[in-house]
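The values are calculated or read from the model by the stated rules, or taken from the named source; none is laboratory data. All figures in this text were calculated on a predicted structure; none of them were measured in a lab. As a convention, Cβ positions derive from the backbone with ideal geometry for all residues, glycine included, and neighbour counts pool all protein chains shown. Protein only, heavy atoms only, side chains kept; ligands, DNA and RNA dropped before computing areas. Shrake-Rupley method; radii C 1.70, N 1.55, O 1.52, S 1.80 Å.
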Amino acid sequence: MPQEIEKHYKEILKQYIQDQNEKDLYSGQKFSRQFIEKEISPEEVIGIHKASLKELFPEASDKLWHSFDFLIEMMIHYGLALQEHQSLIRKQEEMEMEMKIAAQVQNTLLKTKVPNFPCLDIGFLTIPAKQMSGDYIYFLNDDPNNASVAVADVIGKGIPAALCMSMIKYGMDSMQYESASPGIVLEIVNRIVEDSIDDSMFISMFYGMYNAENSAFSYASAGHEPALLYRAAEGEFVELDADGLLLGIDRAVHYEERSVQLEKGDFVAIMTDGVTETRTESGFIDEGLIRDLLESVKDKPAQEMADTVYQHLGELQNFQLHDDFTIVIFKKEDK
Amino acid sequence: MPQEIEKHYKEILKQYIQDQNEKDLYSGQKFSRQFIEKEISPEEVIGIHKASLKELFPEASDKLWHSFDFLIEMMIHYGLALQEHQSLIRKQEEMEMEMKIAAQVQNTLLKTKVPNFPCLDIGFLTIPAKQMSGDYIYFLNDDPNNASVAVADVIGKGIPAALCMSMIKYGMDSMQYESASPGIVLEIVNRIVEDSIDDSMFISMFYGMYNAENSAFSYASAGHEPALLYRAAEGEFVELDADGLLLGIDRAVHYEERSVQLEKGDFVAIMTDGVTETRTESGFIDEGLIRDLLESVKDKPAQEMADTVYQHLGELQNFQLHDDFTIVIFKKEDK
Amino acid sequence: MEYRSSVDIYTEWDIVAARQLGRNEAKKLGFGTVDQARITTAISELARNIYLYAGKGKIEITCIHKDDTTGISIIASDEGPGIPDVRKVMDDGFTTSGGLGAGMPGVRRLMDEFNIVTKRGVGTTITAIKWIR
Amino acid sequence: MEYRSSVDIYTEWDIVAARQLGRNEAKKLGFGTVDQARITTAISELARNIYLYAGKGKIEITCIHKDDTTGISIIASDEGPGIPDVRKVMDDGFTTSGGLGAGMPGVRRLMDEFNIVTKRGVGTTITAIKWIR
Ligand SMILES: [Mn+2]
Ligand SMILES: [Mn+2]
Ligand SMILES: [Mn+2]
Ligand SMILES: [Mn+2]
């Protein structure tokens, strides 16, 4: 085969030398792409070029051929860089494939079951910025009267964050039958995190628990974004925040617990900073935008509310998210 | 600057054409490396070469110069591939950095404490083939008389495997105070795995437990490589294997449990297939090789034994592992 | 002085015609041999793209000026299906971008400025500029 | 017929001597110009490695035979500090391996066979072979 290539090369070259036709350059360049695909290195091209010229200019001086030997020598490292490139592309493609599988594994590992309550409409959505998510939603339905949700955000994205998430999941799993209150849950998770991960990783978490008997929504926060409570009667938003450090900083943190009463039509929106700190080309979005968006769809089902927020904020940034985007909505319905 | 490069190039080339000295080729090649670093593309090199020759051979025919135009055209795609390479290297380095952090997170998440027994010498070693490991060693010392170890291998490597490992870890953690026997441990872990991961992921696991009171080593295996028991008195190896499916296939698997008595100088080597199926350029290694290696260092401390096996098998494959490489040695010592 | 001329792309031979036009203009403007070859290759890739994915379109070559420098501008336009995912097409080193160093990332590298406007079902216009150094 | 000769590497000029020796042998054995340049580059990289990291060492060039084919074998040995992490040195595309296409991955690519034995505090021996096609 190399011989055939050499022959073909010589023909095009000869043609071109004769009449300098653009067509020959086009054919030559198309041919050169095949060279690259066949992993023929640039020094080999120079070698072929030299051999072709030797036939075309038999009378040329030895000095000219020496100059080609020099050029071949100059091309060797270019050839090596190219081979390295080909190996790197393979590596990169493998890596992409691996990330795809990892994202699937993450999805299966972290799957959570949404509580089904007649008086509570739940909507949620979590979109990773890269392949792997560092945001996490965990639903707990440990007691027939309690619907709980943990929304967590690992500071950092990608694979390292995803690994941390699996730890949170197993921490939460271990509390499945304990009916613990929000402050206690965060204290336990904080200890697990503090024990298992190194000091450079922090996690913010909001934990909310709705009790169907008394319609109370109690919550605690580990340095997480405040949630938004919408008061249907007043048509106003209230921020839900509570004192508490990020998870994984200090083993002995106490988490404040608060509680609000939900009335018909009220809803709580728990988000991560990927939502509230949406960045567009002209900077961060206005704080009021999310409230306006939520209010404009307050009479729709909770899932549609969450979808609308993503649809609008996603569009603002051409759907090229800078951070994982997570939103959970608990909306009190008619009994 | 390009002008200076051109001048320098012409000088070396002229020198070489005059006396074909190896020294000039060496200088030229060193120079060409700078070219690549400065992102000078191969077509530019041909351009410089042509310009230099024009000065050195002013009398040459136009046809020769046309041939160089053709060569430049042939080199353009090589130049593009090279630029692409430079951008890909940058991307790759970012990815590597992320993987490095992820590997650290994994290490911290999966850390395990080696039991310290006066009558048992423990050596172990686990080397990932890629940055993230899909092999896992977990030591348990739940009872002052029991030193246990789980050696697991996720089928698959890299990030997806690493995510699964964190699940194993939390499964094992939950058994920390239960003093369960090997068969029971595998049954519990099997159920956790079956619940949490999708059907395309399987895990092999060997679980061994040494009891210091009666010197019994009991074990069970979930489709894992047989361990090797060395009988010091006979100077012979025995394979330790037990019936049991891979983890994550069937929720109801029963794991057979077996037991052997360890005498002074006996040792058990638990490995993953990354060790036993070491691939060299000429195929898989001979089965006897690992036994010979282990026997040759049987009187050394357990850690040195493990290190020796890695040193030898690593060398055979130029330390480019095809699979994660894990070995644990339990060696009975004088009381 | 503004100069403009164009080649319609229907067949593979039109690619050669567009190359020839571009090379002539680049030469006239005073680009060196290597840059001539680069500009021609960029035209070649753009024309090939039209030929392969839009079926037909046009390559326009314009001589342009900014401050004291002169440049050549290539506009490749078609009324084809549009590019569904521009990010993918501009991504390096994957088969989607045409393989090793070719395709749109290649054009961007060969030229100094690069801009792409595409709309589904309406078509694509790519503008690429190279300045004389 | 076995042929063997060697060059001690102390100074940068010894790198040139090793190259010269390798090129002569490769030429004698009938390697083409491009392969001569590749073999010489491999020797250059190996000798440079000795010069830079071990301080001193040796390059041996041997003519070898297997079945009906003839080849050239390069053995680079030193009593330097050894390579702490061979995997890193053999890894592609990173500064540790000498940057773009150079270093040990380069040598492996330039030759047909490649083997490295290194021990901390004892030294390193690298063997690289190329066969005539
Ligand atoms: Mn995050
Ligand atoms: Mn975030
Ligand atoms: Mn594995
Ligand atoms: Mn394995």
What is the average number of partner chain Cβ atoms found within 10 Å of a Cβ in A:105-114? 4
The stretch A:105-199: spread of alpha-carbon positions along the three principal axes, whole Å, largest first, is 37, 28, 19
Here the FRET efficiency for B:HIS8 versus D:ARG4, based on Cβ atoms and R0 = 35 Å and rounded to 0.05, is 0.40
From the C-alpha coordinates alone, can you work out the Kirkwood hydrodynamic radius of the stretch C:25-78, in Å? 12.0 Å
Normalised contact order of the stretch D:4-131, rounded percent, pairs of Cα under 8 Å and 6 or more residues apart: 24 percent
With +1 assigned to the C-beta of every Lys and Arg and -1 to the C-beta of every Asp and Glu, and no other charges, what is the dipole magnitude of the protein assembly as shown about the Cα centre in debye, to the nearest 20? 3420 debye
Compare the peptides B:43-51, B:311-319, A:203-211, D:64-72 by average per-residue count of other Cβ atoms within 10 angstrom and give them in order, highest first. A:203-211, B:43-51, B:311-319, D:64-72
Where labels lie 7 Å past Cα in the beta-carbon direction, separation of A:GLU59 and A:ILE188 in nm: 9.6 nm
Chains A and B: accessible area buried, summed over both chains, 1.4 Å probe, nearest 100 Å², reads 6800 Å²
For chain B, give the percent of accessible area contributed by carbon and sulfur heavy atoms, probe 1.4 Å, rounded to a whole number. 48 percent
Can you tell me the alpha carbon radius of gyration of the stretch B:112-332 divided by the globular rule-of-thumb value 2.2 N^0.38 Å? 0.96
How large is the convex hull of the C-alpha atoms of the stretch B:26-75 per residue, in Å³? 73 Å³
In terms of the charge dipole of the protein assembly as shown, which places +1 on Lys and Arg and -1 on Asp and Glu at the beta carbon, the residue among A:LEU186, B:ILE36, D:ILE116 farthest towards the positive end is B:ILE36
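If you put +1 on each Lys and Arg Cβ and -1 on each Asp and Glu Cβ, how big is the dipole of chain C around its Cα centre, in Debye rounded to 20?
The calculation lands at about 120 debye.
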Add -39500 (n - 2.57) for each DSSP H run of 4 or more in chain B, then divide by its residues: what number comes out at 222 nm, to the nearest 500 deg cm²/dmol? -16000 deg cm²/dmol
Taking the Cα centre as origin and putting +1 on Lys and Arg beta-carbons and -1 on Asp and Glu beta-carbons, what dipole magnitude results for the stretch A:182-305, to the nearest 20 debye? 340 debye
Where does the charge balance sit around A:HIS254 when Lys and Arg score +1, Asp and Glu -1, over other residues with C-beta under 15 Å from its C-beta? -3
I need the Kirkwood Rh of the stretch A:3-89: take the reciprocal of the average 1/r across all distinct C-alpha pairs and report it in angstrom. 13.9 Å
Non-local Lys pairs in the stretch A:112-332, i.e. 8 or more apart or on different chains, that have alpha carbons under 12 Å apart: 7
At the level of C-alpha centres, the distance separating the stretch A:54-114 and the stretch A:167-237, in angstrom, is 49 Å
Just to confirm, what accessible area per residue do you get for the stretch D:20-133 at 1.4 Å probe, in whole Å²? 42 Å²
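Can you list the DSSP H helices in chain A whose Cα atoms extend at least 30 Å along the helix axis and whose mean Kyte-Doolittle hydropathy is -0.5 or higher?
Helices passing the filter in chain A: A:62-109.
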With 21 Å as the cut-off, how large is the P(r) tail for the stretch A:24-146, expressed as percent of Cα-Cα pairs? 66 percent
Any chance you could look up the accessible area of D:ILE50 with a 1.4 Å probe, heavy atoms only, rounded to 10 Å²? 10 Å²
How long, wide and thick is the stretch C:4-131, going by the Cα atoms along their three principal axes, in whole angstroms, largest first? 37, 28, 26
With a point put 7 Å past each Cα toward its Cβ, work out how far B:PHE31 is from B:SER282 in nm, to one decimal. 4.5 nm
For A:SER174 and A:LYS111 in one chain, what is 0.36 nm times their gap in residues minus the Cα-Cα distance, to one decimal in nm? 21.2 nm
Find the accessible area per residue for chain A; the probe is 1.4 Å, ligands and nucleic acids are left out, and the unit is Å². 42 Å²
Take A:SER200, project a point 7 Å from its Cα along the Cβ direction, then tell me which residues of the stretch D:49-90 have their backbone nitrogen under 17 Å from it. none
In nm, to one decimal, how far is the modelled label at D:ILE132 from the one at B:ASN21, with both set 7 Å along Cα→Cβ? 3.1 nm
Pairwise FRET efficiency - B:ARG258 versus C:LEU52, Cβ, R0 = 51 Å, nearest 0.05: 0.20
Using the Cα atoms of the stretch B:124-177 to build a convex hull, what is its mean projected area in square nanometres? 3.9 nm²
Relative to the longest principal axis of chain D, what angle (0 to 90°, nearest 10) does the C-alpha long axis of helix D:12-29 take? 30 degrees
Reciprocal mean inverse distance between Cα atoms of the protein assembly as shown - Kirkwood radius, Å: 32.5 Å
Furthest towards positive pole of dipole, A:CYS119, A:GLN18, A:GLY208, structure part chain A, Cβ charges: A:GLN18
For the stretch B:248-306, report the translational diffusion coefficient in µm²/s to the nearest whole number, using Stokes-Einstein at 25 °C, 0.890 mPa s, and a Kirkwood Rh over Cα pairs. 169 µm²/s
Distances in nm, one decimal, shortest first, from B:ARG291 to the same residue in every other copy, taking the label point 7 angstrom along Cα→Cβ. 7.8
Copy-to-copy spacing for B:GLU93, label 7 Å out on the Cα-to-C-beta vector, in nm, shortest first? 2.5
